[in-house]
There are 2 protein chains.
Amino acid sequence: MPKNVVISIDAMGGDHAPAIVIAGVQLLAKNITDGSLRFILHGDAGLIEPLLADNPDAARLSELRHTDTWVAMTDKPSQAIRRARGSSMWNAIDAVKSGEANACVSAGNTGALMVLSKVLLHMAPNAHRPVIAASWPTLRGSSVVLDVGANIECAASQLVEFAIMGEAFFTALHDQPSPSIGLLNVGTEDLKGNDVVRQADALIRSADMGLNYKGFIEGDGISFGAVDVVVTDGFTGNVALKTAEGTAKLTAEFLRQCMKKSPLTMLGALLAKSGFRELKSRLDPRKFNGGVFLGLGGVVVKSHGGTDGYGFSNALKVALNMSRSDYAARIAGNLEKLAKVLEKPEKAQAKKEGVSV
Amino acid sequence: MPKNVVISIDAMGGDHAPAIVIAGVQLLAKNITDGSLRFILHGDAGLIEPLLADNPDAARLSELRHTDTWVAMTDKPSQAIRRARGSSMWNAIDAVKSGEANACVSAGNTGALMVLSKVLLHMAPNAHRPVIAASWPTLRGSSVVLDVGANIECAASQLVEFAIMGEAFFTALHDQPSPSIGLLNVGTEDLKGNDVVRQADALIRSADMGLNYKGFIEGDGISFGAVDVVVTDGFTGNVALKTAEGTAKLTAEFLRQCMKKSPLTMLGALLAKSGFRELKSRLDPRKFNGGVFLGLGGVVVKSHGGTDGYGFSNALKVALNMSRSDYAARIAGNLEKLAKVLEKPEKAQAKKEGVSV
């Protein structure tokens with residue numbers, strides 16, 4: 001029996017909030033009849049109450065908590081933090097801190113959400129920096145890629161932390177016990193890449209964490225599904241994720257143009273419509289919505305700011321899966337092992353082997 | 001009137017050499033009747049002569065120079081360099097050094113080609129490291145991305161060199177006088193990214209080189225064609241290029257599966273066949289074959305090792321366009337200006353502004 005879960009939601013975050021937020025809650029709520037899931041909505045009651053009136057399942061499972069303020073999508077993190085206390089985002093995270101909620105979801109300002117999450121929830125034991133993990137469609141299903149933008153420059157030991165947290169996140173999402181892990185590099189041979197990835201490769205092998213580590217993978221391996229969890233720094237991961245999005249859009253636009261080439265191709269495309277619909281669905285970014293900030297002392301899920309109700313409901317599902325999993329316990333053990341490798345006598349050994357920690 | 005061009009070819013380089021090499025030469029040669037283009041083929045005469053007998057246009061424009069040895073695809077650069085003298089690759093580059101040929105093309109071992117090119121041709125004046133530039137399909141046509149793998153870690157001044165060389169390369173390929181240039185980053189705001197990209201951004205603006213510089217672009221901007229020339233370090237560029245290849249293959253495979261979904265989609269796909277053929281052609285990696293090593297004291301074009309005759313002919317066209325362009329003169333002026341910014345009184349200014357050079 002799944003444990004009862006409470007998700008705390010920043011109802012004012014996102015380009016089209018609060019409408020898409022309530023639509024997303026409604027989509028998930030309509031199938032929940034056993035009380036196993038509840039929501040706390042933080043935001044402007046005047047805007048949210050009419051939406052709840054139109055979405056009875058969302059209303060049934062939600063408790064609305066009014067806030068007078070919210071963080072704007074355009075606020076810089078430094079601005080946001082000054083005026084954040086009492087905002088919908090602050091209160092949404094604070095409900096996780098107080099233990100009222102198992103997880104927080106926001107489609108709001110990424111930088112502000114990151115800073116406030118860190119301020120309120122602090123880091124998990126032995127985790128040093130939050131990291132953003134995203135799901136990615138592959139030939140085999142979907143993978144997790146991290147970091148996709150939080151840490152522009154990473155030390156080797158951080159990449160190993162990412163591996164530990166990404167592994168537990170993949171398991172939480174897909175209920176798969178031993179997902180494979182790869183380090184993103186410019187080649188698969190030992191000598192390829194920069195010092196950081198080579199050191200991370202050595203460190204992950206030397207720390208006996210029971211990870212299903214496969215070594216280096218190259219960029220094309222992400223979409224092929226070469227591994228379940230792709231570990232990289234936030235600069236490379238962000239560029240890779242956006243490059244893939246751009247390439248998928250380019251291909252879709254070329255396909256559209258080529259199907260309009262002649263009356264015959266237009267007829268063919270019409271007959272094959274259900275196939276195109278399936279293609280669109282398989283690559284639908286809304287299906288992969290819900291980046292998680294890993295490494296914090298609580299679960300914070302970041303929905304894409306421009307998503308719709310369906311996309312937001314998928315971010316809620318990520319929060320739900322994380323809440324029902326043993327994610328926190330799973331990373332705690334391995335982060336402690338890593339910390340021991342880095343700090344105890346083994347540290348000397350690692351240093352001797354040229355592993356910068 | 002275009003100047004007469006001689007292209008020196010490593011006929012033994014590539015997974016399917018020398019057959020694909022001669023097929024590529026034949027494709028280009030059959031339209032050349034005015035003596036404006038000739039080839040020097042370096043490789044095993046016993047293997048190449050029968051191929052030339054079957055490809056009369058290639059034979060008509062080519063001079064064959066026998067070599068007993070060639071660099072294996074699997075050789076490490078260090079091995080290759082020890083036994084390279086007199087190999088087909090060495091001799092192909094050497095013909096550029098001696099002035100007999102305007103450019104060299106090889107589908108062989110990338111690392112070996114890079115090392116031998118540098119040893120034989122040295123760097124162009126004021127250029128510090130070779131960089132690999134690749135063409136990339138976009139919504140607007142095609143872009144140039146560099147570096148895609150030669151320089152794993154780059155200083156800010158190197159990225160500016162890449163911008164100068166990429167600009168001249170794009171102009172050589174597309175005969176477009178003032179291509180736009182962008183720096184690949186994780187956001188478009190000034191404060192985004194790591195120190196190196198921010199410093200490169202400041203440096204490119206401070207050096208008065210007349211470049212059409214547009215600032216930062218994100219990963220999705222590459223395929224959208226946000227700029228003509230995308231500048232990045234070799235780690236990020238390599239990951240981005242391979243990630244895009246992987247995504248394009250994933251999309252193609254999903255499309256294939258979705259068109260086999262039902263008899264109706266199969267019929268539709270059959271009717272729309274010419275549209276699918278055009279889509280395939282638009283994204284055909286063979287059309288974008290031909291990465292150039294920029295920054296050397298001569299033109300060296302690297303064809304993909306696994307390409308076929310059509311792909312190899314496109315690498316030859318890149319060499320031809322480079323040979324007919326004023327590429328060398330174009331980069332010489334701007335590299336000199338950059339060197340002055342970095343070394344003359346302005347250096348103090350740049351340092352004051354925190355630009356690491």
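Of all residues in the range B:271-288, those that are surrounded by fewer than 16 Cβ atoms within 10 Å (Cβ to Cβ) and facing chain A (nearest Cβ under 7 Å) total 2. From the list B:K3, B:K30, the lone residue that is farther than 17 Å from B:V301 by Cα and touching a residue at least 40 places away in the same chain (Cβ under 8 Å) is B:K3. The number of residues in the range B:14-47 being under 19 Å from B:D94 (Cβ atoms) and modelled with pLDDT of 95 or more comes to 10. Scanning the range B:258-269 for residues that are of a type outside the set (S, T, Y) and facing chain A (nearest Cβ under 7 Å) yields B:C258, B:M259, B:K261, B:L264, B:L267, B:G268, B:A269.
With respect to the stated conditions, B:K261 is within 30 Å of A:S274 (Cβ to Cβ) and in a loop (DSSP other than H, G, I, E, B). In the range A:225-244 there is no residue matching the filter, namely being in a strand (DSSP E or B), more than 9 Å from chain B (Cβ to nearest Cβ) and within 24 Å of A:M73 (Cβ to Cβ).
Go through the range B:228-251 and give me each residue that's over 19 Å from B:G141 (Cβ atoms), touching a residue at least 12 places away in the same chain (Cβ under 8 Å) and surrounded by fewer than 24 Cβ atoms within 10 Å (Cβ to Cβ). Matches in the range B:228-251: B:G234 only. The requirement of being surrounded by fewer than 19 Cβ atoms within 10 Å (Cβ to Cβ) and either more than 11 Å from every other protein chain (Cβ to nearest Cβ) or among the hydrophobic types (A, V, I, L, M, F, W, C) (or both) is fulfilled somewhere in the range A:191-202, by at least one residue. Taking the conditions (1) closer than 30 Å to B:M73 by Cα; (2) free of Cβ contacts under 8 Å to residues at least 40 places away in the same chain; (3) at the interface with another protein chain (Cβ under 7 Å from one of its Cβ atoms); (4) more than 18 Å from the chain's Cα centre (by Cα) in turn, B:G219 satisfies each one other than (1). Among the conditions (1) in contact (Cβ under 8 Å) with a residue 60 or more places away in the chain; (2) away from chain A (no Cβ under 14 Å); (3) assigned to a strand (DSSP E or B); (4) surrounded by fewer than 22 Cβ atoms within 10 Å (Cβ to Cβ), the only one that B:K214 does not satisfy is (1).
Here's the yes/no breakdown for (1) within 24 Å of B:N151 (Cα to Cα); (2) outside the structural domain of B:L211 (by TED's automatic domain parsing); (3) small (G, A, S):
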{"residue": "B:S262", "(1), (2), (3)": "no, no, yes"}
{"residue": "B:S274", "(1), (2), (3)": "no, no, yes"}
{"residue": "B:S281", "(1), (2), (3)": "no, no, yes"}
{"residue": "B:D284", "(1), (2), (3)": "no, no, no"}
{"residue": "B:I331", "(1), (2), (3)": "yes, no, no"}
{"residue": "B:K337", "(1), (2), (3)": "yes, no, no"}
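Comparison of A:A101, A:A53, A:A80 shows that the only residue that is in the same structural domain as A:G306 (by TED's automatic domain parsing) and closer than 23 Å to A:G306 by Cα is A:A80.
Taking every residue in the range A:61-90 that is at pLDDT 90 or above and pairing it with any residue that is aromatic (F, W, Y) and not in a helix (DSSP H, G or I), at least 6 positions away or on another chain, the pairs with Cβ-Cβ distances below 6 Å are A:L61/A:F39; A:S62/A:F39; A:S87/A:W70; A:S88/A:W70. For the range B:99-117, check the following and say yes or no: at least one residue is over 21 Å from B:A315 (Cβ atoms) and within 17 Å of the chain's Cα centre (by Cα). So far as the range B:99-117 goes, no, none of its residues is over 21 Å from B:A315 (Cβ atoms) and within 17 Å of the chain's Cα centre (by Cα). Would it be correct to say that A:R205 is of a type outside the set (F, W, Y), within 24 Å of A:K280 (Cβ to Cβ) and touching a Phe, Trp or Tyr at 6+ places or on another chain (Cβ under 9 Å)? Answer is no for this residue.
Restricting the range B:91-116 to residues that are hydroxyl-bearing (S, T, Y) and modelled with pLDDT of 95 or more leaves a set whose member that is farthest from B:S8 (Cα to Cα) is B:S98.
Scanning the range B:249-257 turns up one or more residues that are among the basic types (K, R) and either more than 7 Å from chain A (Cβ to nearest Cβ) or more than 20 Å from the chain's Cα centre (by Cα) (or both). Only residues that are under 25 Å from A:E245 (Cα atoms), away from chain A (no Cβ under 14 Å) and over 19 Å from the mean Cα position of the chain (by Cα) were counted across the range B:150-190, and they come to 0.
The values are calculated or read from the model by the stated rules, or taken from the named source; none is laboratory data. Everything quoted here is computed from the prediction, not taken from an experiment. No Cβ is skipped: glycine too gets one built from the backbone with ideal geometry, and neighbour counts run over all protein chains shown.
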